[in-house]
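What follows is a set of notes on a single structure, which appears directly below.
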């Protein structure tokens, strides 16, 4: 395979060819490292590139040649969102307060990647402590959208989504607190999965909001997401919220969904509150086309009402800041991370104030202040307590809907990618980007996002989202793979073939820069 073929292949294709000995992990890894060197100087999807990737790949090749048993994804490269601890690479959460910090341990999901012999390529950029919808709030500068370098790649996991979309990595890990996997996937033409809360370990994920955070895959196909989910999922005794369930093979579910007739008889609930006003015309149009394809394939479309979804953003932006203010209290200049000594010295409180003032960015400070206020005496019941009651009502909306239908569907994001700076000074407008994704986090249900076509008005990707009951992640892989097959048949192939950054695209604007000559 040529270098272009190696970096444009899906993870499942690479895995098959690695298993058959048609290509080595060193060749695959080197091709992706070369791609990163060629384009990431401008794209800035990565905060750190591993110096040990080729060594890990060579070890896989030696063991495979020696007859060792290998996992399905052994030797396939993967990028890791920099919210996850890695013992051999810095883990900064996109913040100056953790600049250069190398943890003494791996997050459980990273440990499982290594045990399955995937090859970590490096750490990807994000909004600081995963607070944002555009990756503009990274302390290390924004990531650019591979479809249009003047536009955001979504957030907080814009780095992982951009790396996958720009063919720098076939797989990536993200974290999703209110849409940080699914919204970036929507605006970059990739696939993102938020598992059931507790289905994937959070141990070693630098916490934002503990009752909302969930780690999941970012990929270029539904099958690839399922394969990666099979690796990282399952019970972890280090995580007190980890479910003890025995999960089915998600890859088998995705393969079943890709077969003809997989949608026949499936009841798909179209959420009334998430498909009309406030959504870009091109997004609504592509959504209608996707619904028509599903209906023609035998799915039964049912309009469902979730009346409390309209309060989801309000509840979320009280619950998340409250939990964040508690979780981020550990960054106090005393135990680890940055320490700033004020001129002339001072008390521990003075050092803490100087350190947090210098080390935390504006969005993080905004949410800490809001969360501390919401938890303060006299306001707890009025704000945080009320938000939790709304959360319960949203969970009831889901329960009522799933009593009627198998899955729920909506656009994954209300618009295509917006331009840098367009919303950074308007927090409320920025928060509305997660209007469709936040309810799943509040309820703990799984959600998957995948491309549904390009918006005709700007030629940028749009995304569709499916949600299923708690523990029914496999159902999402079946339905998602079924729609993916229908859509790709109508497009003539994966949407990323239309990207200006596809390795073989004539309009590839930056593939020859930064070392690609």
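Bear in mind these aren't lab numbers, they're just calculated from the coordinates by the rules spelled out. These numbers come from a predicted model, not from an experiment. Neighbour counts run over all protein chains shown; Cβ positions are idealised from the backbone, glycine included.
On the principal axes of its Cα set, how long, how wide and how thick is the range 42-94? Give whole Å, largest value first.
41, 24, 19
Which order, highest average first, do 4-15, 219-230 follow once you tally other Cβ atoms within 10 Å for each residue and take the mean per peptide? Provide the component values of the computation, followed by the final result.
On the way: 4-15: 21.4, 219-230: 27.6.
Highest mean packing first, the order is 219-230, 4-15.
Mind ordering 145-151, 76-82, 300-306, 157-163 by average Cβ neighbours within 10 Å, highest first? Write out the running numbers ahead of the final one.
Numbers: 145-151: 21.9, 76-82: 31.0, 300-306: 15.7, 157-163: 37.1.
Descending packing order for the listed peptides: 157-163, 76-82, 145-151, 300-306.
Once a ≥ b ≥ c are taken as the square roots of the eigenvalues of the Cα gyration tensor of the range 271-316, is the result rounded (a/c under 1.5), prolate (a/b larger than b/c) or oblate (a/b not larger than b/c)? It would help to have the intermediate numbers written out before the result.
Details: a/c = 3.47, a/b = 1.64, b/c = 2.11.
Here the range 271-316 falls in the oblate category.
Out of all Cα-Cα pairs in the chain, roughly what percent, to the nearest whole number, are more than 45 Å apart?
So the pairs more than 45 Å apart make up 8 percent of the total in the chain.
Work out, in µm²/s and without decimals, the Stokes-Einstein translational diffusion coefficient of the range 210-290 at 4 °C, 1.567 mPa s, Rh from Kirkwood over C-alpha pairs. Numbers along the way, then the final one.
Working: Rh = 16.1 Å.
Taking Rh from Cα pairs, D becomes 81 µm²/s.
Over the alpha-carbon set of the range 1-129, divide Rg by the Kirkwood Rh and report the Rg/Rh ratio to two decimals. Please report the intermediate quantities before stating the final value.
On the way: Rg = 14.9 Å, Rh = 15.1 Å.
With Rh from the inverse mean 1/r over Cα pairs, Rg/Rh is 0.98.
Ignoring everything except DSSP H segments at least 4 long, calculate the 222 nm mean residue ellipticity for the chain; use -39,500 (n - 2.57) per segment, divide by total residues, nearest 500. Present the calculation step by step, with values, prior to reporting the outcome.
Numbers: 17 runs with 194 residues, N = 517.
Rounded to the nearest 500, the figure is -11500 deg cm²/dmol.
Just check the range 340-386 against the gyration tensor rule for me: Cα atoms, a ≥ b ≥ c as the square roots of the eigenvalues, rounded for a/c under 1.5, and otherwise prolate or oblate depending on whether a/b exceeds b/c. Walk me through the intermediate numbers first.
Values: a/c = 6.10, a/b = 2.22, b/c = 2.75.
The shape class here is oblate.
Specify whether the C-alpha gyration tensor of the range 368-517 places it in the rounded, prolate or oblate class, a ≥ b ≥ c being the square roots of the eigenvalues: rounded for a/c under 1.5, otherwise prolate if a/b is larger than b/c and oblate if not.
On the way: a/c = 2.94, a/b = 1.44, b/c = 2.05.
Oblate.
Give the separation of the Cα centroids, the range 141-163 to the range 477-500, in Å.
Taking the Cα centre of each part, the range 141-163 and the range 477-500 sit 21 Å apart.
Among 382-391, 463-472, 130-139, how do they line up from the highest to the lowest mean number of other beta-carbon atoms within 10 Å? Walk me through the intermediate numbers first.
On the way: 382-391: 16.8, 463-472: 24.3, 130-139: 27.4.
So the order, starting with the most tightly packed, is 130-139, 463-472, 382-391.
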